[in-house]
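Note sheet for the following structure.
The values are calculated or read from the model by the stated rules, or taken from the named source; none is laboratory data. All figures in this text were calculated on a predicted structure; none of them were measured in a lab. All Cβ positions, glycine included, derive from the backbone under ideal geometry; neighbour counts span all protein chains shown.
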Amino acid sequence: MSASADDIKLISTNRQAQHRYHILEKYEAGLVLKGTEVKSLRAGKCNLKEGYARIENDEAWLVGVHIPEYTQANRFNHEPTRRRKLLLNKRQIRRLIGQTQQKGLTLVPLRIYFRGKVAKVEIGLGQGKKQFDKRQAIAKRESDRQIERETFRRR
């Protein structure tokens, strides 16, 4: 049975990104990976927590994402936190250059997944939340949970 192009296998998500940033826009980018990185991702190992994307010389780069070494590989293994090139259209890169030069906007990896056989990363253009924004989000989440509990109890 062959996989269609729309089959998505989620590898890793960055839950901290939703807590730390207001995500304004999302982009899907391809990743330039080595063979051992692909095998490590297929095993479901990846950490996006400290990662971010930056644009240098009209190229997009993923920095700080930890993909652990593939255990069955030998001396040809990859460096776990190396910079990885992102594949975006030139128009998207130019747009992101203009937006990331604004104060407080950054590119954050949100999730890594396989679309068919190709590794993709979803990056978000985020604006950092202030401390009171985080407290408001937590308070809203707690109140929503309390409302859910009450409505469930009354059934």
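Restricting to segment 49-79, what's the tally of residues that are of a type in the set (A, V, I, L, M, F, W, C), more than 16 Å from residue 11 (Cβ to Cβ) and touching a Lys or Arg at 6+ places or on another chain (Cβ under 8 Å)? Qualifying residue count for the region: 4. Here the helices (runs of 4 or more DSSP H) wholly within segment 1-103 that include at least 3 residues being among the basic types (Lys, Arg) are 90-100.
One line per residue, one yes/no per condition, for (1) basic (Lys, Arg); (2) closer than 22 Å to residue 16 by Cα:
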position: 42; (1), (2): yes, no
position: 59; (1), (2): no, no
position: 90; (1), (2): yes, no
position: 93; (1), (2): no, no
position: 109; (1), (2): no, yes
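In segment 74-90, the residue that is farthest from the chain's Cα centre (by Cα) out of those that are surrounded by 15 or more Cβ atoms within 10 Å (Cβ to Cβ) and polar (S, T, N, Q) is 77. Based on what the data block shows, is residue 20 under 27 Å from residue 129 (Cα atoms) and not β-branched (Val, Ile, Thr)? Yes. Just one residue in the set 103, 140, 129 is without any contact (Cβ under 8 Å) to a residue 12 or more places away in the chain and surrounded by 10 or more Cβ atoms within 10 Å (Cβ to Cβ); that residue is 140.
For residue 117, indicate whether it is of a type outside the set (A, V, I, L, M, F, W, C) and under 23 Å from residue 28 (Cβ atoms). For residue 117, the condition - of a type outside the set (A, V, I, L, M, F, W, C) and under 23 Å from residue 28 (Cβ atoms) - is met. If you go through segment 78-93 and keep only what is in contact (Cβ under 8 Å) with a residue 24 or more places away in the chain and of a type outside the set (A, V, I, L, M, F, W, C), you end up with 78, 84, 85, 90, 92.
For the criterion of being touching a Ser or Thr at 6+ places or on another chain (Cβ under 7 Å), at pLDDT 90 or above and surrounded by 12 or more Cβ atoms within 10 Å (Cβ to Cβ), residue 93 fails.
Does residue 111 satisfy being of a type in the set (D, E, K, R) and either surrounded by 13 or more Cβ atoms within 10 Å (Cβ to Cβ) or assigned to a strand (DSSP E or B) (or both)? For residue 111, the condition - of a type in the set (D, E, K, R) and either surrounded by 13 or more Cβ atoms within 10 Å (Cβ to Cβ) or assigned to a strand (DSSP E or B) (or both) - is met.
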